[in-house]
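Read through the structure below, which is laid out as structure tokens, and then see the notes.
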Amino acid sequence: MQFPPVVSHHPMIRVAIIGGGPAALAAAISISRNCPSAFVRVEIYEARRSLYEHPGVQYTLSYMALNALEVLGVRDKALKYVGNVNTKVYFVDQVRKSSKCVDVTPGPGGPKIVQVPRIPFMQVLADELIPYNVPIYFRKRFQSHDPETGTVRFTDGTITHADLLIGADGISSAVRETILPGIRPIGEPATAGYYMGIDLTDDAAQLGKKKSDALYDEETRRLLDFANGKETFISWGVPASFGLSSLGHNQISFLDGVREDIEEEVFQGKTHESMTPPERRAALHALVSKHSHTVGPDPCEHIALLHSVIDRLKFVPGAWDTWRIRYLPLLPYTAFGTTLIIGDAAHAMPPSLGLGAQASLEDGAYLGLALRDRFFSGPKLSLAETLEEFSDTRRLLIHKVQRLALHAAEGYLRKGNEPLPVLFSPPRTMWESFTMVGSMYLDVWAGKYEFGDLKVPGVDIDFQRPRLSYVPRQIG
């Protein structure tokens, strides 16, 4: 690879990346790939025992995310694991008690939306680091950073030194906490997220063998359509959000977000761990039933399919996962001297539009290009100036995406019957809002950010940017 001319007085820049998710790995790849190896050394510090300890479900990757993967040189490798190319998305309008199909079939030059299982995707990113000899240190929980000396301390007592500290350690970022101690994830009212993965291989093998069970065959065929990428189903609204999507190879995922007060009413104080499989199954059926009562008749008959999925669930390790859906306020700054926060540490958003992974991958991929073009060559900005410019440029796009995701999640983030602050003026029905947001969503998928900024009162915050110093020095 040909690098731009590098001035000889640049010191060795030691980069410490805190976190081991997509943003962290993408940043490590991009910096190693695009910046001269003689002047940069990258290390990753992850609090967990492995990159795959809590991988979750899948990543939704759109046109922009695929561009970021191209920058990282892993696009084709990642696409080998694609489970789904969305063709139809069903939106359920709970105001007018009807559902509508939105066709997002990729056309010439149009948006392409794919879903990739997380474990093989993370493996692709990790493997890309091997040629660059980027070490990953596990069980390293960040504690503090002294920008004057570059000393980074971990809770196990070990230390390292960094000229550039990148906090990519998720929504509860310890790096962000040391710089902005008052910034906390928003999760009130708390919302529960569920993931259930189902392998339909055995069901597919039984098709047609039970002559008396035509309903079983029909439901299996429909579910296999979802599992293998022919359809995707999303039902947004109050008091929950449900969806079916593909994991590829006859595997399907069932996702939902449920308001905590509804969850407590159904689960009656029991924890998931204390429930038997039949009790869990009954509780999930109850959640879907509550959702369907608010929706009314479903002409697409997808609600009935949710019950069929629940009946087929096997509550084994890896097939069931729960979490709390939280998000961050919109931060005016993400660069502080030579410390930068990226990914969910900087802009965690509700998973309502599947744009979180895209934003994280873009952060990491384009950071390496910014360092190459603005620090190691070009106008010769300082490291702090380069990070500040990168942060300000990314913010213009990320804030739009965050507001878009917040609006799409409005239904299951409501508190009782109180709506979130009005995003549109004059106020519109949920369906009219979805129609407007849907067009913006497809624009973002297609890499277009020209739509006007949405207004979400209460999520923008303002503060004086802490000025952290940077002392250039040579590291052996």
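Overview of values
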| read-out | value |
| --- | --- |
| Residue match in region 181-192 (condition: open to solvent by less than 10 Å² (accessible area, probe 1.4 Å) and at pLDDT below 95) | yes |
| Counted residues, region 127-152 - those being in a loop (DSSP other than H, G, I, E, B) and not charged (D, E, K, R) | 8 |
| Flag for Ala78 being in a loop (DSSP other than H, G, I, E, B), under 30 Å from Ile198 (Cα atoms) and either at pLDDT 80 or above or open to solvent by 40 Å² or more (accessible area, probe 1.4 Å) (or both) | no |
| Of all residues in region 131-141 being open to solvent by less than 60 Å² (accessible area, probe 1.4 Å) and out of contact with any Phe, Trp or Tyr (no Cβ under 6 Å at 6 or more places or on another chain), the one that is nearest to Thr178 (Cα to Cα) | Ile136 |
| Pairs where the first residue, in region 152-165, is under 14 Å from Glu46 (Cβ atoms) and the second is among the small types (Gly, Ala, Ser) and assigned to a loop (DSSP other than H, G, I, E, B), C-beta under 6 Å, 6+ apart | Val152/Ala162 |
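The values are calculated or read from the model by the stated rules, or taken from the named source; none is laboratory data. The model shown is predicted, which means the values in this text are computed figures rather than measured ones. Every residue, glycine as well, gets a Cβ built from its backbone with ideal geometry; the counts of neighbours run over all protein chains shown. Heads up: the accessible areas ignore ligands, DNA and RNA and are worked out on the full protein's heavy atoms, side chains in. Shrake-Rupley method; radii C 1.70, N 1.55, O 1.52, S 1.80 Å.
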